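> Supplied in structure tokens, the structure appears directly below.
The values are calculated or read from the model by the stated rules, or taken from the named source; none is laboratory data. Because the structure is predicted, anything quoted here is derived from the model rather than measured. All Cβ positions, even for glycine, are placed from backbone atoms using ideal geometry, and neighbour counts span all protein chains on display.
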Amino acid sequence: MKKIKLVIIDVDGVLTDGSIFIDSEGREAKAFNVLDGTGISYLHRVNIKTAIISGRTSKAVDHRAKELNIAEVHQGIKNKLDVYNDILGKYSLKDEEVCYIGDDLIDLPIFYRVGFPVAVANAMPVVKQYSSYVTKAKGGCGAVREIAEKIIKFQEKWHIIMDRYQKNRNTLVF
């Protein structure tokens, strides 16, 4: 975890709980957890890049990624390894500098390559088998936040996050 410079995140089952809501007009909606968004913001604050690679395509993902300033958003990707290789080349990164968070078989080719493959608690058993870490939280329930904090703390950068919240701690009134 010490070398991680990029966290790549799957969407369905990782940033969401895997549910897909479709209204009577055929419009799709997804529920995202604010804890995960905060974790992504924390990664950015300590200069760790983030990216999304998803097998499905959803406008909701585009909106959420824009809110979170995730520049690399790749959707409708059936061969995630090709996109992964492109991202590595674009940012001159090595496999060991990447964390990938996934939950299903489509994620395994990247799991075999990255330095820190992470399965969410509700991932398929075989995905958990090939992960370096399995989150306590399920996908869509703070799993990304859990990993963000773990990486930041392991890299001894947690003080950068806490400084913002401790500046005026002596003046707090309860």
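> Of all the strands (runs of 3 or more DSSP E) wholly in segment 33-123, which have at least 1 residues that are in contact with a Leu (Cβ under 8 Å, 6 or more places away or on another chain) and in contact (Cβ under 8 Å) with a residue 60 or more places away in the chain?
98-102
> In this structure, does N33 turn out to be touching a helix residue (DSSP H, G or I) at 6+ places or on another chain (Cβ under 9 Å), at positive phi and at pLDDT 95 or above?
So N33 does not fit the description; no.
> Yes or no: segment 61-78 includes at least one residue that is under 30 Å from D163 (Cα atoms), surrounded by fewer than 17 Cβ atoms within 10 Å (Cβ to Cβ) and among the basic types (K, R).
Yes.
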